[in-house]
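Chemist: First, the structure itself, so that you have it in front of you.
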Amino acid sequence: MVSKKLEINTLRNFLFIVMAILFFNNCSSLSNDKIEFERRLIRSNSKYIPDRSLAVNDIVLDQEKSILTVKGKTTSSELYTDLKVFSDSLSFEFEVVLLPDPSLGDSIHGIVNVSVAPMRDRSSHTAQMVDQAIMGNMVKILYENEDWYLCQTHYDYVGWITKSAVYQCNIDLLFDWEKNAKHRIKTLNTVIYSQPNRSSTPVSDGILNNRLNISENLSEWYEVTLPDGRVGFIDKKNVELINNERDNEDQNEHIISTALSMKGVPYLWGGNSSKANDCSGFTQTVFKSAGIQLPRDARQQAQMGKPVKKENLKKGDLLFFGSGERVTHVAISMGIDDFIHQGSKLEGKVDIHSLNPDSPKFNSYRKETFLFARRITTIPNDQ
């Protein structure tokens, strides 16, 4: 009897050990697979999404008991395919959405219908602003979340915009807007009225580079149709035909004239309009008014155009500042030593400074951190 009990206990112990070994091996295998996937994710992110401000890359590996699932969303078809194949090789579940979200159907296009719309890094009014989109500019709608759209601008920047600031449409309506919206606001600030007189109720405010569809030409006013169908009237003096074909001399003069008109405009992190801006938002806004589309960030703008020596600087060249190879600031040259730029939080506004120690406008910090300059040749503005 004792011997039989001993055999049973021995068998139980043996089965327990076998199960423990199998469990340990399974856990060890899952752990190794997770490590391999995380390594693959890091390498693939670096390969397919070198600049995360220009793409969506929200992918994680989720584990529930022994089931591993790759979840999230991305705009990169290359990353999506790469991770899908690798996940299949590890027998992982794969629940990644390739954006734009298929549930949006053909309504993946939008037109900004307010003078300036904040773009945030999360779908919350308290989230950090990463950029601004302005009226008349077209965006691609990637995803929706309650009262927000995840959007991508025509220069590829990504952020969340409230739905009320975007007119959602299909490709046909987008083409209609592109065909008819041929004018832009040329002043820093103005008002679009409900009637052709300044005592009427405002329909919307307007800022530099807002794009408009002129529906009727009156003596001193334009009747305009906004992206969402609202109709208003704007003083002709504040509007001009979009001109993307200026010669270089006219282009540079326009750049300096517009930059000077923005002197005193306040600093705002993520700002990209004539209301308020950061350093690269300032340069992008100014160049856009001259028919040139620059990328959004200073480090991206530093890749444009061609290098120019400091002694050969001309009006309209871009100056870049930073440390080592890291670009952190951009300004517009006014010729040789003087430049105009949106300062830091401490400087607080658009102003003119100089790299010349003998100048009353000398800025020693910018002198010490100056890296290089580039000359921007004409880049067609597609908005």
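Every read-out reported here was derived from the displayed coordinates using simple, explicitly stated rules and does not represent laboratory data. Note that the structure is predicted; figures quoted are calculated from it, not measured. Here Cβ is always computed from backbone atoms with ideal geometry, including for glycine, and neighbour counts include all displayed protein chains.
Chemist: Give the Kirkwood hydrodynamic radius (Å, one decimal) of segment 76-199, defined as one over the mean of 1/r across all pairs of different Cα atoms.
Modeler: Answer for segment 76-199: a Kirkwood hydrodynamic radius of 16.6 Å.
Chemist: Something else: For segment 318-383, which GluC sites (Glu not before Pro) are in a loop by DSSP, counting at most 13 other Cβ atoms within 10 Å?
Modeler: Passing both the DSSP loop test and the Cβ count: Glu325.
Chemist: Using the alpha-carbon atoms, what tilt in degrees (0 to 90, nearest 10) does helix 171-180 show relative to the longest principal axis of the chain?
Modeler: 20
Chemist: Follow-up. Long-range amide H contacts for Val203: which residues qualify at under 5 Å (H placed 1.01 Å from N, peptide plane, sequence gap of 5 or more or a different chain)?
Modeler: Ile192, Tyr193, Ser194
Chemist: Also: Would you list the P(r) distribution for segment 192-341, with all Cα-Cα distances sorted into 5 Å bins from 0 and each bin expressed as a whole %?
Modeler: Whole-percent P(r) values from 0 Å outward: 2, 9, 16, 18, 17, 14, 10, 7, 5, 3, 1, 0.
Chemist: May I pose another question? At q = 0.10 Å⁻¹, what is the log10 ratio I(q)/I(0) for the chain, with the Debye formula run over Cα points and no solvent?
Modeler: Debye curve over Cα of the chain, log10 I(q)/I(0) at q = 0.10 Å⁻¹: -0.75.
Chemist: Let me check against my output: what whole-number percent is the relative contact order of segment 103-178, with C-alpha pairs under 8 Å and at least 6 apart?
Modeler: Once normalised by length, the contact order is 37 percent.
Chemist: Against the longest alpha carbon principal axis of the chain, how many degrees, from 0 to 90 and to the nearest 10, is the axis of helix 279-289 turned?
Modeler: Tilt relative to the chain: about 50 degrees.
Chemist: Would you calculate a helix-derived [θ] at 222 nm for the chain, using -39,500 (n - 2.57) for each DSSP H run of n ≥ 4 and dividing by the full residue count, to the nearest 500?
Modeler: That comes out to -9000 deg cm²/dmol.
Chemist: Kindly flag which residue pairs out of Lys309/Lys367; Lys275/Lys345; Lys71/Lys140; Lys236/Lys275; Lys73/Lys345; Lys140/Lys237 have an alpha-carbon separation exceeding 24 Å in this structure.
Modeler: From the list (Lys309/Lys367; Lys275/Lys345; Lys71/Lys140; Lys236/Lys275; Lys73/Lys345; Lys140/Lys237), the Cα-Cα distance tops 24 Å for Lys73/Lys345; Lys140/Lys237.
Chemist: Here's something else I'd like to know. Estimate the FRET efficiency between Lys34 and Glu95 by the formula 1/(1 + (r/R0)^6), using the beta-carbon distance for r and 25 Å for R0, to the nearest 0.05.
Modeler: 0.95
Chemist: Any chance you could run the full-extension gain for Lys84 through Asn217? It's 0.36 nm times the residue separation minus the Cα-Cα distance, nm to one decimal.
Modeler: Separation in residues times 0.36 nm, less the Cα-Cα distance, equals 42.4 nm.
Chemist: Taking the chain as the reference, fit the longest principal axis to its C-alpha atoms, fit the long axis of helix 248-261 to the helix C-alpha atoms, and give the angle between the two in degrees, 0 to 90, nearest 10.
Modeler: The answer is roughly 90 degrees.
Chemist: Relative contact order of the chain: what whole-number percent is it, with Cα pairs under 8 angstrom and at least 6 residues apart?
Modeler: 10
Chemist: Sticking with this one: Using only the Cα atoms, work out Rg/Rh for segment 181-241, with Rh taken as the Kirkwood radius, to two decimals.
Modeler: Dividing the radius of gyration by the Kirkwood radius yields 0.90.
Chemist: In percent, what relative contact order does segment 248-375 have, based on Cα pairs under 8 Å that are 6 or more apart in sequence?
Modeler: 25
Chemist: Could you give the size of the charge dipole of segment 132-191 about its Cα centre, using +1 on the Cβ of each K and R and -1 on the Cβ of each D and E, expressed in debye and rounded to the nearest 20?
Modeler: In debye, rounded to 20, segment 132-191 gives about 380.
Chemist: Another question, if that's okay. Given that compact globular proteins tend to follow 2.2 N^0.38 Å, what is the ratio of the alpha-carbon Rg of segment 143-233 to that value?
Modeler: It is 1.20.
Chemist: I need the P(r) histogram for segment 223-301: all alpha carbon pairs, bin width 10 Å from 0 out to the longest distance, whole percents.
Modeler: 17, 39, 35, 9, 0
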